[in-house]
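Structure, as structure tokens:
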Amino acid sequence: MKAKALVLFSGGLDSMLAVKLLQKQGLRIEGINFVTPFSDPEVPEKVAKKLRLKLHKVKISRGYFDIIKKPKHGYGANMNPCIDCKIYMLKRAKAFAKKMNADFIATGEVLGERPFSQRRPLMKIIEKESGLKDKIVRPLSGRLMPVTQAEKRGLVDRKKLLAIQGRSRKPQMRLAKEFGIKEYPTPGGGCLLTDPGFSRKLRDFLANEKTITCKDVELLKPGRQFRLGKGKIIVGRDEKENEKLITLARKNRLPWMEVKDYMGPVTVLQGRTGGMIKKAAEITVRYSDAPRKEVEIELHEGKIKKIIKARPMSKKELEKLRII
């Protein structure tokens, strides 16, 4: 029976190609995807179905948020703790591989593709701290890396591994064409922690709160956001975000408001601090189609609806409170 490999699978082009290259060697391949609130869980599922890949979806533990708050190896360009994140996922993949009797673990990593986590010295650190030294097969750059245990055991043919390196995507795109892969996600677009705007929201949240949960992350994703002491004001930017914010407000039992009789945003209040309702109302009017005068606002608190009045906030004050 052919060897079995467990591939870390994000649904991106590199992980797709890693799967195809190992399948080409006749190996039995299964994927593992870690479900985090910072990425779209549907993408890996859709891509795995196209590849006819059995995919195991694993939820992150609370310890993952400790990594986000204080990564041992620091952040990348934004709030992305890529080295610590990869170590965390490989450790969990190692335990999962043991349970499913996989012979080795593989990834879609490309040497030098990402400056923060895919340089040779850092890849060695990741291997060592995850307890997988010389045990990770990287089909796209395998011939540039030290020989792995899977190769020594004859489970993987090193000659059939590739020697791709650097940040250019052209080799992967050519390979995708050879494999008949026509659709794949854009590079670097899968993780919110690499997004500058989201990173500003997250940085602000961690500076003001002791803990963070998946629910908190969901409230960080939509809207313009403003900080008022320990409270936060979230303002929808379009109809889709307005609908999302109403859903989140109801789910988390948070108050929300909108201008009565005029088109405008839905505004959610997270946390409470002095004068927060008044300020939130002024911001809501500012981003609505209401005339620049005092108008009525509908404030929803659970099943209770109140009518309050507010004028639009000045641009100067608005910018003082703005997170993003």
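Coordinate-derived values only; no laboratory data. Since the model is a prediction, treat every value here as computed from it, not as a measurement. Glycine also receives a Cβ, built like all others from the backbone with ideal geometry; neighbour counts cover every protein chain displayed.
For the pair K221 and K50 in one chain, pulling the backbone fully straight at 0.36 nm per residue adds 58.7 nm over the alpha carbon distance. Computed extension length for K230-K305: 24.6 nm, one decimal, from 0.36 nm per residue of separation with the Cα-Cα distance subtracted. Compute the label zone of Q25 within region 32-62: residues whose backbone N is under 13 Å from the point 7 Å along Cα-to-Cβ. Counting backbone N atoms under 13 Å from the label point, the list is empty.
In the chain, the calculated helix contribution to ellipticity at 222 nm averages -11000 deg cm²/dmol per residue, counting -39,500 (n - 2.57) for every DSSP H run with n ≥ 4. Taking every C-alpha pair closer than 8 Å and separated by at least 6 residues, the mean separation divided by the residue count of region 222-321 gives a relative contact order of 25 percent.
Compactness ratio of region 4-189: Cα Rg over 2.2 N^0.38 Å, N = residue count?
0.96
Among the listed pairs K70/K244; K50/K72; K128/K170; K50/K251; K2/K72; K215/K279, those whose Cα-Cα separation exceeds 28 Å are K70/K244; K50/K72; K128/K170; K50/K251; K2/K72.
Here the chain is treated as a sphere whose radius is the Kirkwood value from Cα pairs; by Stokes-Einstein at 25 °C and 0.890 mPa s it diffuses with a coefficient of 111 µm²/s.
Nearest 0.05, what FRET efficiency do K2 and D66 give at R0 = 30 Å with Cβ-Cβ as r? Approximately 0.20, to the nearest 0.05. Maximal additional length on extending the K59-M263 stretch stands at 69.5 nm, based on 0.36 nm per residue less the C-alpha distance. For region 222-321, the C-alpha radius of gyration divided by 2.2 N^0.38 Å, with N the number of residues, is 0.95. The GluC sites (Glu not before Pro) of region 150-256 that meet both conditions, a loop assignment by DSSP and at most 11 other Cβ atoms within 10 Å of the site Cβ, are E183.
Model label sites at A77 and D289, defined 7 Å from Cα along the beta-carbon direction, differ in position by 3.8 nm.
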